[in-house]
């Protein structure tokens, strides 16, 4: 089995010694080539090259951003893509933990080695988004676990700014940033409209969270579950908010954070489950994110589910 391992030297939860141990362990099981990412988008280039060269597996040691890039390099095109191996190395590792992997990279490598020996694979769906980039024109990108427009994407944008200034993207940082940004966001003029096939459009939406799986793990070990019915074996789910007042927000947070499992309730909420495709339009440029990566402001994004898109050794 020929495998390409992509390592992110800036990954939050690994160091050089740990990476060396993991490389030796994987190299004992597969014909391993190791590449280190050097810039934003590099993992996509390397993964696409691995596909062209006929590698059987692309393994990623990094966070959700590096995984997303690799998936976008692998997916699409003619014929089946290489299988994917995920070893968590970031601060949140949402995709890895949604697959049931331990958050510790050494423990996760042990689980992955078992999967390699037993050829244990899981087929997962992906989400895909299409939008108009102001600078480059039409754009499209896959996502593994979530996308968002509105308030949550604004928080992601703010956290990315803090990371660029040298701050660590910890769960506490996300919470503090979300609280601070909530006080500054427009809670009176909703910009979003949800358009679904064969249904009337839904206007007056402040925030839309699109999910490909559940739960998420932004807050350390505490699950975040806005769309509890979402899964890698179904289409896309969505949770939208039509009110952003303090009472509405506190009620929603109380329903989606923690071990409680159930569909969030409230007349101000919009639910979509297992949809193949839908579109969100915005009355003004609105923040947009995929897998926790801020992609700018958009006025129209089409989302679709891509079933059975990848095989993951897990």
- Taking residue 175 as the residue in question, decide whether it is outside the structural domain of residue 8 (by TED's automatic domain parsing), farther than 30 Å from residue 24 by Cα and at pLDDT below 90. yes
- residue 247 fails exactly one of the following numbered conditions: (1) buried (at least 17 other Cβ atoms within 10 Å of the Cβ); (2) not in a loop (DSSP other than H, G, I, E, B). What is the number of that condition? (1)
- Looking at (1) in a helix (DSSP H, G or I); (2) modelled with pLDDT under 90; (3) surrounded by 14 or more Cβ atoms within 10 Å (Cβ to Cβ), which is the only condition residue 169 fails? (1)
- Task: State whether one or more residues within the range 113-125 are in contact with a helix residue (DSSP H, G or I) (Cβ under 8 Å, 6 or more places away or on another chain), in contact (Cβ under 8 Å) with a residue 40 or more places away in the chain and crowded, with 23+ Cβ neighbours inside 10 Å.
- Result: no
- Run residue 229 past the list (1) in contact (Cβ under 8 Å) with a residue 40 or more places away in the chain; (2) in a loop (DSSP other than H, G, I, E, B); (3) closer than 20 Å to residue 259 by Cα; (4) touching a helix residue (DSSP H, G or I) at 6+ places or on another chain (Cβ under 6 Å) and report the number of the one that doesn't hold. (4)
- Task: Return the only residue of 135, 129 being without any contact (Cβ under 8 Å) to a residue 12 or more places away in the chain and within 29 Å of residue 174 (Cβ to Cβ).
- Result: 135
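Residue-wise test of (1) assigned by TED's automatic domain parsing to the domain that holds residue 169; (2) in contact (Cβ under 8 Å) with a residue 40 or more places away in the chain; (3) within 23 Å of residue 156 (Cα to Cα).
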position: 55; (1), (2), (3): no, yes, no
position: 61; (1), (2), (3): no, yes, yes
position: 64; (1), (2), (3): no, yes, yes
position: 67; (1), (2), (3): no, yes, yes
position: 77; (1), (2), (3): no, no, no
position: 85; (1), (2), (3): no, yes, no
position: 91; (1), (2), (3): no, yes, yes
- Extreme residue, surrounded by the fewest Cβ atoms within 10 Å (Cβ to Cβ), among residues of the range 10-39 that are part of a loop (DSSP other than H, G, I, E, B) and in contact with a helix residue (DSSP H, G or I) (Cβ under 8 Å, 6 or more places away or on another chain): 29
- Query: Looking only at the range 189-221, which residues are in contact with a helix residue (DSSP H, G or I) (Cβ under 8 Å, 6 or more places away or on another chain) and assigned to a strand (DSSP E or B)?
  - Reply: 207, 209, 216, 217, 218, 219
- Looking at the range 284-314, which of its residues are crowded, with 19+ Cβ neighbours inside 10 Å and without any contact (Cβ under 8 Å) to a residue 60 or more places away in the chain? none
- Output for the range 63-89, where each listed residue is more than 20 Å from residue 212 (Cα to Cα) and crowded, with 20+ Cβ neighbours inside 10 Å: 82, 89
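Among what's in the range 243-258 and is in contact with a helix residue (DSSP H, G or I) (Cβ under 9 Å, 6 or more places away or on another chain) and free of Cβ contacts under 8 Å to residues at least 60 places away in the same chain, pick the residue that is nearest to residue 191 (Cα to Cα).
Restricting attention to the range 243-258, the residues satisfying the condition of being in contact with a helix residue (DSSP H, G or I) (Cβ under 9 Å, 6 or more places away or on another chain) are 243-244, 246, 249.
Cutting the leftovers down to free of Cβ contacts under 8 Å to residues at least 60 places away in the same chain gives us 243, 246.
Working: 243: 12, 246: 19 Å.
My answer is 243.
Return the residue satisfying two criteria in turn: it lies in the range 268-277 and is touching a strand residue (DSSP E or B) at 6+ places or on another chain (Cβ under 6 Å) and in a strand (DSSP E or B), and of such residues it is surrounded by the most Cβ atoms within 10 Å (Cβ to Cβ).
So the first thing to find is which residues in the range 268-277 are touching a strand residue (DSSP E or B) at 6+ places or on another chain (Cβ under 6 Å), and the list is 270, 272-273, 275-277.
Remaining after also requiring in a strand (DSSP E or B): 270, 272-273, 275, 277.
Working: 270: 17, 272: 22, 273: 15, 275: 18, 277: 14.
Ranking the qualifying residues of the range 268-277, first place goes to 272.
The values are calculated or read from the model by the stated rules, or taken from the named source; none is laboratory data. The structure presented is a predicted model; accordingly, all values stated were derived computationally and were not measured. Don't worry about glycine lacking a Cβ; one is built from the backbone with ideal geometry, like all the others, and counts go over all protein chains shown.
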